[in-house]
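Student: Here's a structure for you.
The values are calculated or read from the model by the stated rules, or taken from the named source; none is laboratory data. For clarity, every value in this text was computed on a predicted model and none was experimentally measured. When we count neighbours, we look across all protein chains shown, and the Cβ atoms used for this are built from the backbone with ideal geometry, even at glycine.
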Amino acid sequence: MADTLASIDLAVVGHTNTGKTSLMRTLLRDEHFGEVADSPGTTRHVESAQLLTQDRRPILTLRDTPGLEDAMGALDYIEQLVPADERLDGPDRIQRLLDSPESAGRFEQECRVLSTVLATDAALYVIDTRDPVLPKHKDELLLLSACGRPVLPVLNFTRSPQADAGAWREALARLGLHATVDFDTVAPALDGEVQMLDRLALMLDQHATTLQALRTDLDQQRLKRLQDATRLIADLLMDAAALRLPCSQDPTDIATITLSLRKRTRDREQDCVHSLLKRYRFSKAAFPHHPLPLEGERWGMDLFSPQALRAFGIQIGKGLATGAMAGATIDVLTGGLSLGAAALIGAAIGGTWQGANQWGKRLMSRLAGFTEMTVDDPVLNLLGLRQIALVRALELRGHAAMRPIEGDLTPVASPPQPAEAPAAADQGDTPADQGDPTDESAPKPAQVLHRLPTDVQQILNEARSHPEWSSIGEAPAPDSRRDLLVGQMAQSLFTAL
Ligand SMILES: Nc1nc2c(ncn2[C@@H]2O[C@H](COP(=O)(O)OP(=O)(O)O)[C@@H](O)[C@H]2O)c(=O)[nH]1
Ligand SMILES: [Mg+2]
């Protein structure tokens, strides 16, 4: 970005509690900026922060201001200060107020806001669209317009059922404010920032180039974030697919190794979640980890539970679903048996070994020697799909959001087509128990993935025979093939997102 671009200064103004500080947080991608509360008057002073470009250049300064509380009183007071025969324009009238003794008294708060607006290029007027349009709002807008700076109304809380953005737009037009922008600070539209910059560019002709440059920069930042996010997911999948734990045939050993495999995979998933949160500049509180499976909360469900797999529309074999081994596959190096054996061993651990059929017993007896345990395909799928759902949620989350993500996540849609049964359902297992597809009450977002893209699955298959590619336990040695495949998976996931 050229050095010559002038920085833009914006005041964030509005009535108390309309979400001014929240807007600052979301635009700055900083959950911790200022103080946000339901109680009025949390922001008492003007607090500024800069929006940085990719190369960390400050290009936009945002100034958070205290809420306007008595605009009507201030307007009346100006009437008293300015004799009727004195023809003063807006900014001069405002200056009178600023020069008056009440600027340190009754109108101290209003004067802080107005002097900030006078010193900036434009004002963003934040509106709680759940509020009816009241005379106090009109007074506020009259007072602000008198500063002679462009005012862009920002319609906040637009996702609330009580919001009436239409009534606001109409009222604003009557006051001569025809450009507005919808920007729910907790869940802004993906193009919310761009819309805002475009509107500002129309109002601030002299800064149009800077605003255009900032728009391009923000787009690039978003793209880079997404690319980094898919890379993090690809790396997680690579690690989980390549993970192999040596295991004997002893049922106690199998049980111990199963637990270890699960723990390592879950911990690795958690690392990925934290890296994603960090990349999107959210704290861990934005998506807290639930160690216990919680009923009805998809994200609280255990990675290895058949229920979690089904919730994402992943088909699983019945044996796999019921055995204690669900999610882990034993690869028997001698004989090449995997899933069927795993299901049977699972049944054995689950205490139903006596009930297993003769075929299974014969099979078991043939298992001998060295085996290794790996994470099974449905779990790899789930691992990837959960991270994708998380990235989608992070993309849509404003940094003003106070509630953790899980309540908002509805990553599940219609059940998969039977023809799409992944490899896990073959190997002689009976068809998966799909549950009742009609009991899905959650709203269904568009383009929900039920499985990872085919090329990703193929890469993961290759990774299975490269235990040295897994960083779980120890960092893998540099390997150009691993890097290449992680890059390819990231690209494919990016397209799927
Ligand atoms: N649901 C929802 N809540 C919001 C939104 N914007 C702000 N809030 C909440 O509204 C309250 C006041 O916000 P704050 O930013 O402190 O308002 P300010 O006084 O104008 O700075 C806080 O509890 C915010 O979490 C929004 O877009 N949606
Ligand atoms: Mg505030």
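Yes or no, residue by residue, for (1) over 32 Å from the mean Cα position of the chain (by Cα); (2) among the polar types (S, T, N, Q); (3) over 24 Å from residue 211 (Cβ atoms):
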position: 93; (1), (2), (3): yes, no, yes
position: 101; (1), (2), (3): yes, no, yes
position: 116; (1), (2), (3): yes, yes, no
position: 119; (1), (2), (3): yes, no, no
position: 124; (1), (2), (3): no, no, no
position: 127; (1), (2), (3): no, no, no
position: 137; (1), (2), (3): yes, no, yes
position: 155; (1), (2), (3): no, no, no
position: 158; (1), (2), (3): no, yes, no
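Student: May I ask you to list the residues in the range 14-69 that are within 28 Å of residue 220 (Cβ to Cβ), part of a loop (DSSP other than H, G, I, E, B) and more than 22 Å from the chain's Cα centre (by Cα)?
Tutor: Those that are within 28 Å of residue 220 (Cβ to Cβ), part of a loop (DSSP other than H, G, I, E, B) and more than 22 Å from the chain's Cα centre (by Cα): 55, 56, 57.
Student: Which residue out of 108, 102 is without any contact (Cβ under 8 Å) to a residue 12 or more places away in the chain and either crowded, with 17+ Cβ neighbours inside 10 Å or outside the structural domain of residue 400 (by TED's automatic domain parsing) (or both)? Before you say what the answer is, go through the steps one by one.
Tutor: Values: 102 fails: without any contact (Cβ under 8 Å) to a residue 12 or more places away in the chain.
Only one candidate passes the filter, namely 108.
Student: To continue, here is another question. Taking the condition of being buried (at least 21 other Cβ atoms within 10 Å of the Cβ) and either assigned to a loop (DSSP other than H, G, I, E, B) or not assigned by TED's automatic domain parsing to the domain that holds residue 124 (or both), how many residues in the range 187-199 meet it?
Tutor: 1
Student: Being away from ligand 2 (no atom under 12 Å from the Cβ) and over 20 Å from residue 150 (Cα atoms) narrows it down to one of 91, 101, so name that one.
Tutor: Only one candidate passes the filter, namely 101.
Student: Next question. Based on this model, can you work out whether residue 403 counts as modelled with pLDDT of 85 or more and either surrounded by fewer than 19 Cβ atoms within 10 Å (Cβ to Cβ) or touching a helix residue (DSSP H, G or I) at 6+ places or on another chain (Cβ under 8 Å) (or both)?
Tutor: Details: modelled with pLDDT of 85 or more: no; either surrounded by fewer than 19 Cβ atoms within 10 Å (Cβ to Cβ) or touching a helix residue (DSSP H, G or I) at 6+ places or on another chain (Cβ under 8 Å) (or both): yes.
So residue 403 does not fit the description; no.
Student: If you check every pair at least six apart or on different chains, which have Cβ atoms under 9 Å apart with a residue in the range 11-24 that is in contact (Cβ under 8 Å) with a residue 12 or more places away in the chain and more than 21 Å from residue 147 (Cα to Cα) first and a residue that is of a type in the set (D, E, K, R) and within 9 Å of ligand 2 (Cβ to nearest atom) second?
Tutor: 21/35; 21/47; 21/64; 23/64; 24/47; 24/64
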